[in-house]
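Okay, structure first, notes after.
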Amino acid sequence: MSKKKFVDIPQTKALARGNWHTIFTAFVAAYDHRLFEKAGRKHGPCPLCGGNDRFQFFKDARDTGGSVCRHCGAKPDGFDLVGQANDWDFIETARQIDALLNGQEVSAPKSVDWEKLRKQQEEATKRQKEKDEFFRSLLKKVWKESYRAEAPEAAPLRRYLANRGLDVHNYPRTLRFHPGLDSVNEDGEFEGTFPVMLALVVDKDGAPVTIHRTYLTEDGRKAPIESPKKLMPYPSDKSASGGAIHLSGTGKVLNVAEGIETALAVQEMVGGSVWATVNASMMKNLQVGEPVEAVWSWGDLDRSGDGQAACKELVERLRKEGKQATACLPTMEIPAGAKSIDWLDVYLKWHDSSVIESLRFIKASQRAAA
Ligand SMILES: [Zn+2]
């Protein structure tokens, strides 16, 4: 323990800049200077929780001492790492660093019990494996128990799409119906058992990842629960990032919208290939490979601005990747009391001559390019 009682935090912070290698050498028992020298470029074991490649220092670590571990989280500056490595609070951490940099006596760093860490890690890996197996079999079971959208059992799904104003003739193979799935809310409370519209979510390479659920009522409304739309959990070795719900086969021209219903409306308006990205963040990250050459992104107009931003970001990135990309956003004012306008709203409520004219033009140009 340093004898100095008072520590001037801003001064200590200024002093620490550029001195993090010295500080970590003194206070972090499992500090690896090679990772520090390759800050922002090299991953390695975490000095707090071990592993092989879960940890790296931030690019600006020489100034900030910041680092991030996939397992135990981000440490925006070196004070966090030193404090957590020694079980010191912020004041004690600052006091020790201040003492070190002023050449005074400091505490020895707390040693790491690697054997204990290894055991904990093995346990965690085992638990994750069991969880992954459970998710895998649950996804298979739900899909296996489901019906095609044309099946007599799937009437609530067809009623739902009709109630939303959609007139679907060829139901996508990736949309299916489950007669009864349980719903639990975010607090884990059981909300009831409902008929569900299932949609297959695939990853950026087209491999199945998980199932999107829209909870319904028998008469084809959204179920009266907290969140009627949700993704099923999926194994940790899969990633939905860059993926989407493919509502049709994929051609040279691809139409993209956030919601399933919006995407189906776009399909009715212009035809062709359509994917639903589920939400704005997945739209932003969507990966589009062969054989697609041109993408039309049919964004939501959100009061929050999220839908527009995601739509434009996708289009800009695709252009950089050498694809043709066009952002289509509703030009209407968002009505008072509404949070957003999507293309299903446009299709149903604003289907006036100017909209019809634009759609006719888009349809023709997509046909020509396909
Ligand atoms: Zn860690």
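The values are calculated or read from the model by the stated rules, or taken from the named source; none is laboratory data. Remember, predicted model here, so these are calculated numbers, not experimental data. In this analysis, Cβ positions are derived from the backbone assuming ideal geometry, glycine residues included, and neighbour counts consider all displayed protein chains. For the accessible areas, the whole protein counts, side chains as well, though only heavy atoms, and no ligand, DNA or RNA atoms are used. Shrake-Rupley method; radii C 1.70, N 1.55, O 1.52, S 1.80 Å.
Below is a table of values for the structure above.
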| read-out | value |
| --- | --- |
| Helices (runs of 4 or more DSSP H) fully within the stretch 218-320 counting 3 or more residues that are closer than 18 Å to L175 by Cα | 260-270 |
| From the options P195, P179, residue that is open to solvent by 40 Å² or more (accessible area, probe 1.4 Å) and closer than 14 Å to A223 by Cα | P179 |
| Residue within the stretch 28-36 that is assigned to a helix (DSSP H, G or I) and over 19 Å from I97 (Cβ atoms) present | yes |
| Count - residues of the stretch 32-50 that are within 13 Å of the ligand (Cβ to nearest atom) and crowded, with 19+ Cβ neighbours inside 10 Å | 6 |
| Given (1) touching a residue at least 60 places away in the same chain (Cβ under 8 Å); (2) crowded, with 17+ Cβ neighbours inside 10 Å, number of the condition L348 does not satisfy | (2) |
| From the options D89, D167, D98, residue that is over 25 Å from K238 (Cα atoms), exposed (fewer than 11 other Cβ atoms within 10 Å of the Cβ), touching a Leu at 6+ places or on another chain (Cβ under 9 Å) and not hydroxyl-bearing (S, T, Y) | D167 |
| Qualifying residue in the stretch 210-220 (condition: open to solvent by 20 Å² or more (accessible area, probe 1.4 Å) and more than 19 Å from A149 (Cα to Cα)) | no |
| Any pair with Cβ under 7 angstrom, 6 or more apart, that starts in the stretch 179-192 at a residue that is acidic (D, E) and ends at one that is open to solvent by less than 90 Å² (accessible area, probe 1.4 Å) | D182/T193; E191/S183; E191/V184; E191/N185; E191/I225 |
| Hits in the stretch 225-240 (condition: open to solvent by 70 Å² or more (accessible area, probe 1.4 Å) and over 22 Å from A149 (Cα atoms)) | E226, Y234, S236, D237, K238 |
| Matching residues in the stretch 241-266 - criterion: being among the polar types (S, T, N, Q) and surrounded by 22 or more Cβ atoms within 10 Å (Cβ to Cβ) | N255, T262 |
| Within the stretch 51-81, considering residues that are in a helix (DSSP H, G or I) and within 12 Å of the ligand (Cβ to nearest atom), the one most open to solvent (accessible area, probe 1.4 Å) | D80 |
| Residues being in contact with a strand residue (DSSP E or B) (Cβ under 9 Å, 6 or more places away or on another chain), within 16 Å of R213 (Cα to Cα) and in a loop (DSSP other than H, G, I, E, B) - total across the stretch 152-188 | 4 |
| Residue check for K131: under 30 Å from A30 (Cβ atoms) and more than 28 Å from the chain's Cα centre (by Cα) | no |
| Condition met for K140 (without any contact (Cβ under 8 Å) to a residue 60 or more places away in the chain and closer than 21 Å to D203 by Cα) | yes |
| Tabulated pairs, the stretch 74-102, first more than 11 Å from V7 (Cα to Cα), second outside any loop (DSSP other than H, G, I, E, B) and open to solvent by 10 Å² or more (accessible area, probe 1.4 Å), C-beta under 6 angstrom, 6+ apart or interchain | A74/V68; D77/T64; L100/A26; L101/L15 |
